[in-house]
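Enquirer: This is the structure, below, for whatever I ask next.
Values in this text are rule-based calculations from the coordinates and carry no lab data. Since the structure is predicted, the reported quantities are computational estimates derived from the model, not experimental observations. Note: ideal-geometry Cβ built from the backbone for every residue, glycine included; neighbour counts use all protein chains shown.
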Amino acid sequence: MGKPVLAEMIRSHAAERPDATALIFEGRESSYAQFDVHASRVANALIGAGVRPGDRVAFLGKNSDLYFEYWFGAAKAGAVLVPVNWRLAPPEVAYVLGDSAPKIVVADPMFLDRLDEANGYRIVVTEPSGNLPLFADWRDAAGSDDPRLDAGYDEPVLQLYTSGTTGNPKGAMLTSRSLLALRQETPADVMPEWNRWSADDVALIAMPVFHISGSGWGMWSLQHGGKGVVVREFDPHQVLDLLVKYRITKIMMVPTAMRIVCDHPDAAGTDFSFLKYICYGGSAIPLDLMRQAIAVFGCGFAQMYGMTETAGTITGLPPEDHDPEGNDRMRSVGVPLPGVEMRIVGEDGAELQRGTVGEIATRSPSNMTGYHGRPEATAEAIDADGWLRTGDAGYMDADGYIYLADRIKDMIITGGENVYPAEVENALYSHPQVSDVAVIGVPDPKWGEAVKAIVVPVEGQAPEPAALIAWARERIAAYKAPKTVDFREALPRNPSGKILRRLLRDEYR
């Protein structure tokens, strides 16, 4: 018998722990037995609508327990789910739907203006809207027998579109192997303690499900029989209440959200003894925020690094490397997870010496199978030996810790010298009046490009540009320090928290 595929884990939990809570969403609770039956009904509804194994079906909506029923129902029917970023503009949504060609689109009514059944798909809505079929009615009208048409272990079950910071987004095809293998094949006592899951865990599923951080976080909880608390959108002002109400044991958030939660007037007086770990990604955590968060939450902290094409996390900076006094390792994204190989390569693909900046490459069962309908792009990303080139620049130290330099395309070339924005940002982050910062290259007649810092000051503070530049020059080489500093109230970020430097560069070019 082959290895268990995505839907099999729900079947097994439904058989072994039928009454255990699988998902909670806005007061609605589903046991594993109910979740399994709902997924089977969704599968049969899809089959009845003409969906066949290998077909795509799409979801255009905010987080919901219905999303996970839809995903696992699609898996039982052998279909591939395509969650669509609802923040995209109508032409961008149209591109993703045109590229994936779904048979069915389940959507929140607020996004119906971006859909048109004339494009060959049927629309089902999550909440009442006109004469369109309602998801719950559509689901419950179908039979409850499990069709068991699951795709094979190495066939796609999820198709996530990359953020598309350059050009059109590409659909990364993730298989059951991509999503499950690292935990299926790694003994629990070998997996880092912060990355172990159990049926006792209560996870807050708050990152958007159109991103691997949302779908993956929810899937990890379901894979291990935990309880998932789904929230429609991440609202850092509500996190405190949610943590306490449901006694969350694991949460994922970006550092900027962590700061808002820590600054809540009730945070310092709340007992967080139930919270085991806060996992974060998207950017390093400033030292002052780390000290504040340790004082407020008293739990373990782990930074995670990964990407859509790797089905999420492939390295982690463990709690023991988070030192309130600061250390060099806190500038890293940690070490590869068990089962993950990583190396730093040059343009020719050859591995570079430790400490040398190059492109980060990775090989593991988590890698995508490829980009949907893009064989050339797939061949550029993954070589014949299975190594995926991430597009991220970085280096590995003698102990195997990975340090991000930055996206290669974001590298600044000033006066013939290469400058990686993350290094400059880390220097400025340590300034007590800096809340957030992005560094970009802007056209310069003398240097080709000049380093510019765009700073979000700490509330109530007004740092001087000259003081920030001097601060940076004390910590990094003078040619890396910003030539100019601008200020603003917030920085553009994608749902995973990564700064969208392309948007900033466009403003200055």
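Enquirer: If you take the beta carbon distance between residue 28 and residue 369 as r and set R0 to 56 Å, what does 1/(1 + (r/R0)^6) give as a FRET efficiency, to the nearest 0.05?
Expert: Rounded to the nearest 0.05, the efficiency is 0.95.
Enquirer: Once each part is reduced to its C-alpha centroid, what is the distance from the range 138-215 to the range 453-483 in angstrom?
Expert: Going from one Cα centre to the other spans 41 Å.
Enquirer: With the dipole of the chain worked out from charges on the C-beta (+1 for Lys and Arg, -1 for Asp and Glu) around the Cα centre, which of 319, 133, 176 lies farthest toward the positive end?
Expert: Most positive-ward Cα: 133.
Enquirer: Further question on the same structure: Counting Lys and Arg as +1 and Asp and Glu as -1, each charge on the Cβ, what is the dipole of the chain about the Cα centre in debye, to the nearest 20?
Expert: 480
Enquirer: Take every DSSP beta bridge whose two residues both sit in the chain, then give the antiparallel share in percent to the nearest 5.
Expert: 60
Enquirer: Mind sorting 234, 274, 68 by how few other Cβ atoms lie within 10 Å of their own Cβ, fewest first?
Expert: 274, 234, 68
Enquirer: Could I ask something else about it? Okay, helix-only estimate at 222 nm for the chain: each DSSP H run of n ≥ 4 adds -39500 (n - 2.57), divide by all residues, round to 500 deg cm²/dmol; what do you get?
Expert: -8000 deg cm²/dmol
Enquirer: Taking the Cα centre of each part, how many Å lie between the range 389-438 and the range 277-356?
Expert: Their Cα centres are 13 Å away from one another.
Enquirer: Along the Cα→Cβ direction, 7 angstrom out, place labels at residue 418 and residue 190. What is the inter-label distance in nm?
Expert: That separation, rounded to one decimal, is 3.4 nm.
Enquirer: Another one. Quick check: pseudo-label points 7 Å beyond the Cα along Cα→Cβ at residue 352 and residue 328, how many nm apart are they?
Expert: With each label point 7 Å from Cα toward Cβ, the separation is 1.7 nm.
Enquirer: Report the one residue of 203, 400, 151 whose Cα lies farthest in the direction of the positive end of the charge dipole of the chain (charges on C-beta: Lys and Arg +1, Asp and Glu -1; origin at the Cα centre).
Expert: Farthest towards the positive pole: 151.
Enquirer: Report the FRET efficiency, 1/(1 + (r/R0)^6), for residue 509 and residue 489, where r is their Cβ-Cβ distance and R0 is 22 Å, rounded to 0.05.
Expert: Result of the calculation: an efficiency of 0.50.
Enquirer: Given the options 443, 462, 429, identify the residue whose Cα lies farthest towards the positive end of the charge dipole of the range 411-508 (+1 on Cβ of Lys, Arg; -1 on Cβ of Asp, Glu).
Expert: Toward the positive end, the furthest listed residue is 443.
Enquirer: Considering amide H positions built from the backbone, and no H for Pro or chain starts, which residues 5 or more places from residue 201, or on another chain, come under 5 Å of its amide H?
Expert: When sequence neighbours closer than 5 places are left aside, the close amide H contacts are 227.
Enquirer: Fewest first, what order do 345, 190 take by the number of other Cβ atoms within 10 Å?
Expert: With the sparsest Cβ surroundings first, the list reads 190, 345.
Enquirer: Cα-Cα over 26 Å: which of 62/245; 3/76; 76/227; 446/480; 170/276?
Expert: 170/276
Enquirer: Write down the Å³ per residue value for the convex hull defined by the alpha carbon atoms of the chain.
Expert: Spread over its residues, the Cα hull of the chain gives 156 Å³ apiece.
Enquirer: Which ordering of 186, 126 is given by a fewest-first count of other beta-carbon atoms within 10 Å?
Expert: Fewest-to-most Cβ neighbours within 10 Å comes out as 186, 126.
Enquirer: Which length gain, in nm to one decimal place, applies between residue 260 and residue 384 when the Cα-Cα distance is subtracted from 0.36 nm times their residue separation?
Expert: The residue 260-residue 384 span can extend by a further 40.1 nm.
Enquirer: Kindly identify the range 186-338 as rounded, prolate or oblate by the Cα gyration tensor criterion: order the square roots of the eigenvalues as a ≥ b ≥ c, call it rounded if a/c is under 1.5, otherwise compare a/b with b/c, prolate if a/b is larger, else oblate.
Expert: Rounded is the answer for the range 186-338, as its axis ratio a/c remains below 1.5.
Enquirer: Simple spin-label model, 7 Å along Cα-to-Cβ: residue 466 to residue 20 in nm?
Expert: Simple spin-label model gives 6.4 nm for this pair.
Enquirer: Please give the FRET efficiency for residue 168 paired with residue 398, using the beta carbon to beta carbon distance and R0 = 41 Å, rounded to the nearest 0.05.
Expert: According to the calculation, E is roughly 0.55.
Enquirer: So how much slack lies between residue 87 and residue 246, counting 0.36 nm per residue of separation and subtracting their Cα-Cα distance, in nm?
Expert: 54.4 nm
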